[in-house]
Amino acid sequence: MRAILYTRLSIDRDGTAEGPDRQRADCRRLAEAKGWEVVAEYEDRDMSAFSGKRRPGYEAVLDDLRSGRADVVLAWKLDRLSRQGLT
């Protein structure tokens, strides 16, 4: 199985948040435990899923899924991926 890791931090008040790093580490451990190959990692930092603003990392995830580059997406928690569902 080919996996994409997606991390997001809604608010990074001081530019030093470690949230996405912890999210990525947990997702990597899960991929490794399942024997999945990580083919891409994307991050959106200081971006709310609720705001409606463009999220380049999220858009890259969708592009990779549409193109067949990956089979699954790993996100630390569903609300890190999307509040509105996949398009």
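The values are calculated or read from the model by the stated rules, or taken from the named source; none is laboratory data. Computed from a predicted structure; not experimentally measured. FYI the Cβ positions are ideal-geometry reconstructions off the backbone, even for glycines, and counts take in every protein chain you see.
Observations
- Residues in segment 62-87 that are of a type outside the set (S, T, N, Q), modelled with pLDDT under 95 and part of a loop (DSSP other than H, G, I, E, B): TRP76, LYS77, ARG83, GLY85, LEU86.
- Flag for ALA31 being modelled with pLDDT of 95 or more and either surrounded by 12 or more Cβ atoms within 10 Å (Cβ to Cβ) or within 12 Å of the chain's Cα centre (by Cα) (or both): yes
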